[in-house]
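None of the figures in this text is laboratory data; all of them are computed from the coordinates on show. Every value quoted in this text rests on a predicted model; they were computed, and no experiment measured them. All Cβ positions, glycine included, derive from the backbone under ideal geometry; neighbour counts span all protein chains shown.
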Amino acid sequence: MTTPSVETMARPPSPGFTGTVVRFLGNSPRAYVIALQAPFAVTVFGVSLAVWVSARDLFLRPMYLVGFTMAVVLTLVCVLVPWTRSRSPVLLVIGMLDIVAGGLMRTATNAELGVLGLLVVFPAMWFATQYRWRGVALGTFGTLAVLLAPLLVSEPGVVQSFDLRFWMRTLLFPWIVFMVGVTVAGFTEFAQGQDARLRNEQARLAQSLAASRRASVLLESILNTVDIGLYSLDADGRPLLANRKHRELGLLMAPPDADPLDTTAPWCAEEQGSLMYEMDRITPVLPENRPTCRALHGQMVEDQRMWLGDDPLTQRAVSVTSREIRESNGDTHGTIVAVHDITEMVQAMRTKDDFVATVSHELRTPLTSIIGYLDLIADAVEDEEYEIPDEVQGHLTVVSRNAEQLLVLVSDLLLTAQAEAGTLRFRMSDVKIGQLASRAIDSFRPRAEAAGVTLKQNIDETRPQHADHARISQVIDNLLSNAIKYTLPGGSVRVVVHTDADATLIVISDTGIGMNPHDLGSLFQKFFRAESARAAAIPGVGLGLVITKAIVDGHKGTIDMKSVLGVGSTVTVVLPRF
């Protein structure tokens with residue numbers, strides 16, 4: 001792009017005819033000079049042609065010919081000279097000579113065509129445009145001089161007299177020229193100010209645009225650097241931007257007949273028909289559960305996990321999170337969605353789970369055998385088939401107790417693996433949950449007394465309902481065991497069972513150590529232990545609540561926990577009656 005010269009930038013704006021000539025000839029000092037001379041020249045040539053045709057004797061008057069010739073020569077000078085500056089002193093001389101030429105033509109035809117004096121308006125406007133208020137004065141006094149000079153020669157007495165009517169008639173035309181000059185100078189000054197402000201605003205906008213472009217490039221570079229898919233939508237669901245990682249993931253979820261690069265297509269922008277599957281890699285994600293749909297309906301998506309694509313060799317597991325784009329006044333302007341590729345993590349977790357399940361299964365058989373042989377030894381000693389020293393008997397008791405604990409742990413690991421794999425089976429029958437709770441309390445009462453914990457109960461007489469007897473007993477045992485374990489001596493545990501026509505409610509509350517609110521969200525994750533439990537060095541693995549939730553979910557029920565650190569916890573289980 002060519003940078004304009006200082007002369008060009010300093011030149012005042014050229015509206016109308018002058019601007020048209022400048023645009024036609026090119027934005028240069030020479031074009032500008034021609035544009036200033038053009039109105040005067042065109043008017044002189046047009047008037048002279050009319051005079052030549054209608055009153056040739058006027059045209060042939062010597063003074064008219066001199067003025068016309070001066071106008072022609074001055075115009076040729078403006079056209080032919082390669083001007084390099086638009087404010088050359090020579091141009092000032094040309095303008096003054098234009099006034100003289102116009103004055104000569106007026107004087108030559110004063111009686112018949114006195115209106116030719118208006119020709120001096122053009123150079124006067126030139127001066128006002130070029131030199132502003134100094135130009136106004138120059139044009140006015142130049143016009144006055146041209147009018148008075150012939151009179152000083154032909155009628156010096158009239159000029160020297162103080163005839164008011166003569167001077168009013170003589171000064172009227174310079175006054176008109178003065179007012180025209182004032183108007184032109186004022187307009188030019190105003191236009192220049194506007195032009196300067198416009199240039200400043202354009203410069204500011206150019207700087208802002210450059211800064212915006214730099215920020216856009218920086219943002220795009222940052223977005224394309226992170227290994228997380230990011231895309232944003234406006235309030236109407238139209239896509240605003242997407243980074244490289246999201247476009248890569250988009251290739252996986254594009255339907256077979258879609259253009260994978262079209263981010264505005266419904267399969268991408270609205271996730272219609274996109275290849276999204278639940279974590280089993282088979283079940284399609286329902287349209288209303290897809291992240292974009294949820295986000296656009298005002299839901300906050302948090303770690304929604306799914307698989308993208310239908311090819312097992314290229315499928316990728318992702319975790320999706322969304323946040324609304326809000327102004328400081330609370331207005332929502334769209335949604336930003338983050339898609340994190342967790343394929344390696346999911347595969348690692350699956351490998352770990354498979355390993356744990358395999359090891360647990362392999363351990364269960366020898367553990368069962370060990371416990372069986374220990375039971376045989378205990379029975380033989382009890383039947384006095386042979387004698388074992390007391391010290392050895394004590395060792396065998398420790399071995400038996402630890403083997404039982406290890407078998408419980410292995411069983412829990414296997415049960416957890418079954419729950420995650422969806423292979424947990426239930427043997428449903430008619431069960432009275434109130435009776436199960438009463439038996440559990442009786443079973444745990446010695447343990448509670450040993451721990452200095454008081455057991456309280458409020459159990460309704462429940463009607464039979466369809467459930468797995470062993471699994472529901474395991475739920476109550478797990479919750480009751482935890483309540484006693486995390487309650488300090490002198491505390492209490494209360495068990496409440498209430499039933500109605502729709503569901504059975506099991507509430508187990510304690511006055512134990514409680515937990516921090518931020519631990520509640522992770523309570524049903526494998527191997528998670530609350531900070532308060534770790535600080536108190538209370539033994540545990542972190543599988544009991546995971547198994548409990550899996551059993552409750554298998555019965556289409558719900559489980560919820562509320563806890564206050566240092567006050568206690570309350571677990572509520574709701575089991576619907578089928």
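Numbers for the structure displayed
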item	result
Length added when fully stretched, residue 520-residue 323, from 0.36 nm per residue minus Cα-Cα	68.7 nm
Difference of contour (0.36 nm per residue) and Cα-Cα distance, residue 466 to residue 248	73.6 nm
Ranked by how many other beta carbons lie within 10 Å on average, peptides 293-305, 60-72 from highest	60-72, 293-305
HN-Hα J in Hz across segment 277-287 - Karplus 6.51, -1.76, 1.60, θ = phi - 60°, x for Gly and Pro	10, 5, 5, 7, 6, 10, 6, x, 6, 4, x
Two-site label geometry, residue 409 and residue 458: point separation in nm, points 7 Å out along Cα→Cβ	3.9
Ranked packing of 121-128, 349-356, 335-342, 405-412, most packed first, by mean Cβ within 10 Å	121-128, 335-342, 405-412, 349-356
Label point 7 Å beyond Cα of residue 361 along Cβ direction - residues of segment 394-418 with amide nitrogen under 20 Å	407-418
Using alpha-carbon coordinates, inclination of helix 390-421 to the longest axis of the chain, degrees	40
Using alpha-carbon coordinates, inclination of helix 343-382 to the longest axis of the chain, degrees	10
Filter on 352/556; 432/485; 245/352; 352/456; 352/432 - keep pairs with C-alpha separation over 32 Å	352/456; 352/432
Charge dipole (segment 347-421, unit charges on Cβ, about Cα centre) - positive-most of 368, 419, 381	419
Residue exposure sequence - 246, 361 - by fewest surrounding Cβ within 10 Å	361, 246
R0 of 30 Å, Cβ-Cβ distance residue 450-residue 500: FRET efficiency to nearest 0.05	0.25
Test item: Cα-centred dipole of segment 408-470, Lys/Arg +1 and Asp/Glu -1 on Cβ, debye	100
Loop-located chymotrypsin sites (Phe, Trp or Tyr not before Pro) in segment 464-529, at most 10 other Cβ atoms within 10 Å (DSSP)	527
Chain lengthening between residue 349 and residue 206 when straightened (0.36 nm per residue, less Cα-Cα)	46.2 nm
Shape category assigned to segment 352-480 from the gyration tensor of Cα positions, a/c cut at 1.5	oblate
Helix axis angle, 89-108 relative to the chain longest principal axis, alpha carbon, degrees	50
Residue 336 versus residue 562: modelled label distance in nm, points set 7 Å from Cα along the beta carbon direction	3.6
Sites residue 217 and residue 481 - FRET efficiency at Förster radius 60 Å, r taken between beta-carbons, to 0.05	0.50
Prolate/oblate/rounded label for the chain (Cα gyration tensor, a/c 1.5)	prolate
